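See below for the structure under consideration.
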Amino acid sequence: MIERNFHIMTFGCQMNSNDSDWLKRSLISRGFTEAATPEDASVFILNTCSVREKPEQKVYSLLGRIQTMTKGREDILVAVGGCVAQQVGRGFFNRFKQVRLVFGTDGLASAPQALDRLVEEDQLRMSLLDFSEEYPEKDQEWSDGVVPPAGFVNIMQGCDNFCAYCIVPYTRGRQKSRSSVSVLEECRTLVARGMRDITLLGQNVNSFGQDAHGDGTSFAALLHQVADIKGLERLRFVTSHPKDIADEVIDAFGTRENICPRLHLPMQSGSDRILKSMGRKYDITRYRGIVDKLRHARPDLQLTTDIIVGFPGETEEDFLQTLRTAQEIGFAQSFSFNYSDRPGTRAEMLADKVTKEVMQDRLQRYQDWQSEYTEHILQSMVGRKLDVLFEGMSKKPGSDNNAEAWQGRDVFGQLVHVTLPSGGDMAGKFMPVTITEAKKHSLIGEKAGEPW
Ligand code: SAH
Ligand code: SF4
Ligand code: F3S
């Protein structure tokens, strides 16, 4: 028998971290405990990502590290979940003796039961790799009763877009919308338990309801229904594919007070030729039209984006178009990465691969501009009074014994640190804060009103 003491390691997107949070809660409700340090754990769970080669390679090196770290111990169980597990599947069993469970996206819902059995039956190995017909509902366990002030609610699984470079449709399966009733019920329960900031989550939330699953409610309708929940102060959603964003969703930024003025809208490239080859189904004129409409609806809206540098066939001029467009739009932040060949995708077969050196040079130039611009945006917040929702104590100690440093987020999602007198519990509370200083990635502020 293996001790019910686990350690989870998570890679990849917010969907994976949301899945890991759920798994953790579910295991705790089944009598498992979280190990104080990785060395203490008997059950290791890797929630993996294969969107680029690097995070995929990390999985193999970590499995090797676990093997070394636990040398001589027989009481070890390793479970591999997420996108690499979906891709490699039972192949992990041959390469790593300690791996006894592999589970994919839809298998996650039954991973806790599987782990329950596996700790008892030491000869058993299990794989949960099938895609289910409908959105796999998971029991909503909050065994410790504490709900964080800000959190995520999954509204769909998978993706139907098959962008040329992307492995996600293969690892997460076809798009399956969740029923709006379940989404609303989860949101209402979370708000009733104290959550004040919710992010609706999916690979392409704008096409929610436009598949054979769910109940046909559109994303715009769902957004309004969630925004109507009393006590929900902040509502966000991620990710939006530009081709599917509806005018009603754009308008909602102007009409609904609790929809936050920050939107992640992946552009990928600023060159029409490259966008076409990526299969993104919009051109830059269309993208900029959406940006204009959004800013018309909500002038203080901050936009963030994803950029792929060095897609096959990308010339210096294509890259410069990306850089110039990003500068003109003024993204508050970008997740920018070099193109990475993914097995089985259309882009893998394309000729004219860009060399590593050229990619790296372009990425560096893009990121240099972005860090400078992000700093400029943070700097522009100095002097402004913003409501901050506090999530917990900062890692940094207070300036003296009578003070504590707290951290929270403003309406844009920017991290704000505030030093307050010791003894007050700010977690889950809002407070007006005047921004006094901008750091490279965060803001410093001081109390400018009473908490609520
Ligand atoms: N569904 C989301 C993105 C999910 S993947 C959307 O469409 O916006 C997150 C990001 O990873 C993508 O936006 C893209 O910029 C990046 N990405 C995906 N595949 C990649 C690859 N093969 N190489 C480099 N970056 C990639
Ligand atoms: Fe990948 Fe495109 Fe789907 Fe996003 S929309 S997950 S980039 S295939
Ligand atoms: Fe990675 Fe899978 Fe998310 S590939 S980015 S963990 S959907």
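Extents of the chain, largest first, come to 62, 61, 45 Å (Cα atoms, principal axes, whole angstrom). With the helix formula -39500 (n - 2.57) applied to DSSP H stretches of n ≥ 4, the chain reaches a computed 222 nm mean residue ellipticity of -10000 deg cm²/dmol. Distances between placed amide hydrogens fall under 5 Å for residue 443 paired with 415, 416, 417, all partners being 5 or more residues away or on another chain. Placing +1 on the Cβ of every Lys and Arg and -1 on the Cβ of every Asp and Glu, with nothing else charged, gives region 1-149 a dipole about its Cα centre of roughly 720 debye. Taking all protein chains into account, the per residue accessible area for region 385-447 stands at 50 Å² (1.4 Å probe). Charge tally for residue 151 (other residues, Cβ to Cβ under 9 Å; Lys, Arg +1; Asp, Glu -1): -2. Ordering 303, 405, 199 by Cα displacement along the dipole of the chain toward the positive end leaves 303 in first place; charges were set at the Cβ atoms of Lys, Arg (+1) and Asp, Glu (-1). What is the distance, in nm, between label points placed 7 Å from the Cα along the Cα-to-Cβ direction at residue 256 and at residue 36? Spacing of the two 7 Å Cα→Cβ label points: 4.5 nm. Full extension of the chain between residue 17 and residue 350 yields a length gain of 116.7 nm, computed as 0.36 nm times the residue separation minus the alpha carbon distance.
Roughly how many Å² is the accessible area per residue of region 5-128, as a whole number, for a 1.4 Å probe?
42
Using the Cβ-Cβ distance between residue 427 and residue 97 with R0 set to 41 Å, the FRET efficiency from 1/(1 + (r/R0)^6) comes to roughly 0.45. Cys residues of the chain that find no other Cys beta carbon under 4.7 Å: 13, 49, 83, 159, 187, 260.
The charge dipole of the chain, taken about the Cα centre with unit charges on the Cβ atoms of Lys, Arg (+1) and Asp, Glu (-1), comes to about 520 debye, rounded to the nearest 20. May I ask you to give the percent of accessible area on the chain that is carbon plus sulfur, with a probe radius of 1.4 Å? Ligands and nucleic acids excluded, carbon and sulfur reach 50 percent. Indicate the gyration tensor shape class of region 11-109 (rounded, prolate or oblate), computed on the Cα atoms with a ≥ b ≥ c the square roots of the eigenvalues: a/c under 1.5 is rounded; otherwise a/b larger than b/c is prolate and the rest oblate. The shape class here is oblate. Annotation: amide H of residue 9 within the under-5 Å range of 45, 46, 47, sequence separation 5 or more or interchain, hydrogens built in the peptide plane. Modelled spin-label separation between residue 58 and residue 192, with each label point placed 7 Å from Cα along the Cα-to-Cβ direction: 3.8 nm. With an a/c value of 1.5 or above and a/b not larger than b/c for the gyration tensor axes a ≥ b ≥ c computed over the alpha-carbon atoms, region 35-192 is described as oblate. Note on region 21-96 and region 168-241: Cα centroid distance 29 Å, given to the nearest whole angstrom.
Using the Cβ-Cβ distance between residue 129 and residue 9 with R0 set to 25 Å, the FRET efficiency from 1/(1 + (r/R0)^6) comes to roughly 0.80. Projected label points at residue 444 and residue 121, each 7 Å from Cα along the beta carbon direction, are separated by 5.9 nanometres.
Rolling a 1.4 Å probe over the protein heavy atoms gives region 150-379 an accessible area of 40 Å² per residue.
List the residues, sorted by chain then number, that are 5 or more residues from residue 199 or on another chain and whose placed amide H is less than 5 Å from its amide H. Those qualifying (amide H under 5 Å, at least 5 residues apart or on another chain) are 151, 152, 153, 236.
If you plug the beta carbon distance of residue 364 and residue 228 into 1/(1 + (r/R0)^6) with R0 = 41 Å, you get a FRET efficiency near 0.35. Computed on protein heavy atoms with a 1.4 Å probe, the accessible areas place 369, 452 in the order 452, 369, largest first. Taking θ as phi - 60° and the Karplus parameters 6.51, -1.76 and 1.60, the scalar couplings of region 275-292 work out to 4, 5, 5, 6, x, 7, 6, 9, 10, 5, 4, 5, 4, 5, x, 5, 4, 4 Hz in sequence order, x denoting glycine and proline. Between residue 247 and residue 140, the contour length at 0.36 nm per residue exceeds the Cα-Cα span by 35.2 nm.
Pairs of Lys residues in region 385-447 that lie 8 or more places apart, or on two chains, and have C-alpha atoms under 22 angstrom apart add up to 14.
Only lysines eight or more places from residue 58 in sequence, or on another chain, were considered; those with a Cα closer than 23 Å are 24, 71, 97, 356. Within straight-line reach of residue 276, meaning a Cα separation under 17 Å, sit the following lysines at least 8 residues removed in sequence or on another chain: 243, 353. Considering only alpha-carbon pairs that sit under 8 angstrom and 6 or more positions apart, the relative contact order computed for region 150-379 is 17 percent. Positive contributions from Lys and Arg (+1) and negative ones from Asp and Glu (-1), summed over other residues with Cβ under 15 Å from the Cβ of residue 12, come out at 0.
Phi angles of region 422-431 translate, via the Karplus equation with coefficients 6.51, -1.76, 1.60 and θ = phi - 60°, into HN-Hα couplings of 4, x, x, 9, 8, 4, x, 9, 9, 8 Hz per residue; Gly and Pro are given as x.
The values are calculated or read from the model by the stated rules, or taken from the named source; none is laboratory data. Keep in mind it's a predicted model, so treat the numbers as computed, not measured. We place every Cβ from the backbone using ideal geometry, glycine too, and count neighbours over all the protein chains shown. Ligands, DNA and RNA are excluded from the accessible area calculation, which covers all protein heavy atoms including side chains. Shrake-Rupley method; radii C 1.70, N 1.55, O 1.52, S 1.80 Å.
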